[in-house]
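Reviewing the structure listed below.
Derivation of every value follows stated rules applied to the coordinates shown; laboratory data play no part. Just so you know, these numbers come straight off a predicted model, no measurement behind them. We place every Cβ from the backbone using ideal geometry, glycine too, and count neighbours over all the protein chains shown.
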Amino acid sequence: MQHTRSRIRIWDFPTRLFHWALALCVIGAYASVKLGGLYMDWHVRFGLATLGLIAFRLIWGLIGPHYARFATFVRGPGTIKRYIQGTVRTAGHNPLGAWSVIAMLAILGFQAVSGLFISDDIMTQGPLYGRVDESLSSWFASWHQRNEWIIVGLVALHIVAVIWYVAVRRQRLVGPMITGNARPQDVPSGAPPTEDGPMIWLRAAIIAVAVTALVLWIRSLELVADFSFS
């Protein structure tokens, strides 16, 4: 059921699945790179999965349900100002949160793409390492490392923002991203429920298959490097 007196469906299942899968991949990629060694293979896997998830979200942001579309939640400075002043209420991503979503997609997208072209010169390399010249690969490697701190900062800011909304504005954000449903008092009066159900899931599944094929194709382009010291 999408809409009742006590709840309104805001987040469709594919959007929620994307959100938590991306969180898992970010945590997994960070943990595996810190552990190093044989865990670096998992770092590459998490990076490729992140690339696929970002590609899915970009497409979903164009053809997904109402609240998942960029055209619905990305707004300019005027709307952001009115939101801060308390004169604008929104369902789904608020105007400030919308730009944090865009920033997260851009930063994580760059991290995933740059990882394709670099090597640790020990035993791990991205699938496209060796297909660009050394100077470009070094540039990607340098920014891949620097970007890690930007990601940590964005994630920390995201967590702080969620806590602030719950503690100060008494607005639940985590629950709706798990169940898909928001309380009527947390959305504007008359906000319509989002589309969700088998046809939406089928559309998402088709996109998921397409981006999975893309990632697997990229993985197949890997040139095996010789890391021997003989």
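Where does the chain land at 222 nm, in deg cm²/dmol rounded to the nearest 500, when only DSSP H runs of n ≥ 4 count, each adding -39500 (n - 2.57), divided by all residues?
Values: 8 runs with 144 residues, N = 230.
Here the helix-only value at 222 nm equals -21000 deg cm²/dmol.
If one takes the longest principal axis of the Cα atoms in the chain, at what angle in degrees, from 0 to 90 and to the nearest 10, does the Cα axis of helix 40-63 lie?
40 degrees
What nm value, rounded to one decimal, do you get for the distance between Trp99 and Val152 when each label is placed 7 Å out toward the C-beta?
Placing both labels 7 Å along Cα→Cβ, they lie 2.5 nm apart.
Suppose the chain between Lys34 and Thr179 were pulled fully straight at 0.36 nm per residue; how much longer would it get relative to their current alpha carbon spacing? Intermediate values should be presented prior to the final figure.
Details: separation 145, 0.36 × 145 = 52.20 nm, distance 3.25 nm.
Gain on extension, Lys34 to Thr179, equals 49.0 nm.
How would you classify segment 140-208 from its alpha-carbon gyration tensor, with a ≥ b ≥ c the square roots of the eigenvalues: rounded for a/c under 1.5, else prolate if a/b is greater than b/c, otherwise oblate?
The shape class here is oblate.
Once the Cβ-Cβ distance between Ile27 and Asp133 is put in as r, and R0 is 35 Å, what FRET efficiency do you end up with, to the nearest 0.05?
My answer for the efficiency is 0.60.
Explain nothing, just the number: relative contact order of the chain, from Cα pairs under 8 Å at least 6 residues apart, as a whole percent.
RCO, the chain: 32 percent.
What is the sum of charges around Ser100, taking Lys and Arg as +1, Asp and Glu as -1, for the other residues whose C-beta is under 15 Å from the C-beta of Ser100? List each step's numbers first, then the result.
On the way: positive: Arg57, Arg75; negative: none.
Residues near Ser100 contribute +2 overall.
Let me test this: with uniform point scatterers at the alpha carbons of segment 71-133, what is the Debye-based log₁₀ I(q)/I(0) at q = 0.12, 0.22, 0.28 1/Å?
-0.50, -0.85, -1.11
Fewest first, what order do Arg131, Arg75 take by the number of other Cβ atoms within 10 Å?
If I rank by nearby Cβ atoms, fewest first, I get Arg131, Arg75.
Using unit Cβ charges (K, R positive; D, E negative) and no other charged atoms, how large, in debye to the nearest 20, is the dipole of segment 105-226 about its Cα centre? Intermediate results must be reported in sequence, preceding the final value.
Details: 8 positive and 10 negative charges, 157 e Å.
With Lys and Arg at +1 and Asp and Glu at -1, about 760 debye.
Could you point to the residue in Tyr83, Gly175, Ser189 farthest towards the positive end of the chain's charge dipole, with +1 and -1 charges on the Cβ of Lys/Arg and Asp/Glu respectively?
Ser189
Taking segment 44-191, how much of its Cα-Cα pair set, in percent, is spaced more than 22 angstrom apart?
Across segment 44-191, Cα pairs with separations above 22 Å total 51 percent.
Calculate how steeply helix 134-167 sits against the longest principal axis of the alpha-carbon atoms of the chain, using the helix alpha-carbon long axis, and give the answer as 0 to 90 degrees to the nearest 10.
30 degrees
Can you pull the one-decimal nm distance between simple spin-label points at Arg219 and Val168, each 7 Å off the Cα toward Cβ?
Roughly 4.3 nm, to one decimal.
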